[in-house]
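Bear in mind these aren't lab numbers, they're just calculated from the coordinates by the rules spelled out. All of these numbers come straight from a predicted model, not from anything done at the bench. Every residue, glycine as well, gets a Cβ built from its backbone with ideal geometry; the counts of neighbours run over all protein chains shown.
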């Protein structure tokens, strides 16, 4: 399904790097690694499916991309510390919103994943992604919406100033594979009904 953010199926991806692929103790990379990591997170992610779909309807961003981002950022909450933070305490919640750059809204997930505060958090992360899409679109107006979305994902991780071209938007992202990995995971989640 095409949208103002492009069609997920038309976004090219190489998947996870070897470094990212090792997260679960295996020596794998590429799309296979992204899909395996996403599959590992699927049970935890299912708790948020309804909320993700609601945020997707509200924002227009594909729910599978939201799920792919949550999987990459927090492994659906599995790698957060006791304060529900990551990145040395600088990033919060399922979508790892950076506290240094954003005023946090909502709860990381709450005991009830259908709770309004969980939606607020996922909505905030998705709105940040949408703002990255707008920034990348202004920076690279001649590219397709799909290329711009891939750049937006890289910008979600590294900031729009670190996306220097859309032929290799991951050159300055964590693991040098962030957008490619999220897209690989998102394509898996799309097949799961996200």
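In the frame of its principal axes, the range 1-116 has Cα extents of 35, 34, 28 Å, reported largest first. As a length-normalised measure over Cα pairs under 8 Å and 6 or more apart, the relative contact order of the chain settles at 30 percent. Counting every other Cβ atom within 10 Å of each residue's Cβ, 61, 70, 28 order from fewest to most as 28, 61, 70.
Residue exposure proxy: 71, 3, 57, ordered by other Cβ atoms within 10 angstrom of their Cβ from fewest to most, comes out as 57, 3, 71. Computed from the C-alpha gyration tensor, the three semi-axes of the ellipsoid equivalent to the range 112-194 are 24, 15, 12 Å, from longest to shortest. Fewest-first ordering of 189, 194 by other beta carbons within 10 Å of each residue's beta carbon gives 194, 189. Per-peptide packing, taken as the mean over residues of other Cβ atoms within 10 Å, places 176-184, 16-24, 154-162 in the sequence 176-184, 154-162, 16-24 from highest down. Here the extension length gained between residue 144 and residue 47 equals 31.6 nm, from 0.36 nm per residue of separation less the Cα-Cα distance.
Estimated at 0.36 nm per residue, the fully extended path between residue 99 and residue 24 surpasses their Cα-Cα distance by 24.3 nm.
Take the convex hull of the alpha carbons in the chain; its mean projected area over all directions comes to 9.7 nm². The translational diffusion coefficient of the range 132-175, from Stokes-Einstein at 10 °C and 1.306 mPa s with a Kirkwood hydrodynamic radius over alpha carbon pairs, comes to 164 µm²/s. The GNM of the chain, with springs linking C-alpha atoms under 10 angstrom apart, assigns the highest mean-square fluctuation among 73, 58, 35 to 58.
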